[in-house]
């Protein structure tokens, strides 16, 4: 159940994005392959709906995704984190959690506090407890 009406809901071919409880929420659809073009579309869509307001983000990738290297590089840029205060990533298993955490740590790709979760409730609790700038 949604705790408030989805704001600025946008549905694309491979993902949907909206604002709920002041958190930008992404849901990647099953089988999404994030290439450079898709990565740019994701960032531009988020920038459009946030309207210049910095917010926390929850990315739901539990249905799986595959990301090409040029997309990873683009999503690690400072520009990609414009108006992002923190990011929680939802994955389907603890194995995926370890892999993503290892990548984030080794690549030092995150420009903001970032954490990976397997439970949506835990991800939302973490985001909500972070102090707003």
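Some values worked out for this structure:
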item	result
Any hit, segment 94-111, residues being under 18 Å from residue 46 (Cβ atoms) and at pLDDT 75 or above	yes
Selection from segment 3-22 of residues that are within 12 Å of residue 58 (Cβ to Cβ) and either surrounded by fewer than 18 Cβ atoms within 10 Å (Cβ to Cβ) or touching a residue at least 60 places away in the same chain (Cβ under 8 Å) (or both)	20, 21, 22
Residue pairs meeting the criteria (Cβ under 9 Å; at least 6 apart or on separate chains; first without any contact (Cβ under 8 Å) to a residue 12 or more places away in the chain, in segment 23-45; second assigned to a helix (DSSP H, G or I) and surrounded by 15 or more Cβ atoms within 10 Å (Cβ to Cβ))	37/71
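The values are calculated or read from the model by the stated rules, or taken from the named source; none is laboratory data. Since we're looking at a predicted model, the values are computed, not measured. Cβ atoms come from the backbone with ideal geometry, glycine included; neighbour counts cover every protein chain shown.
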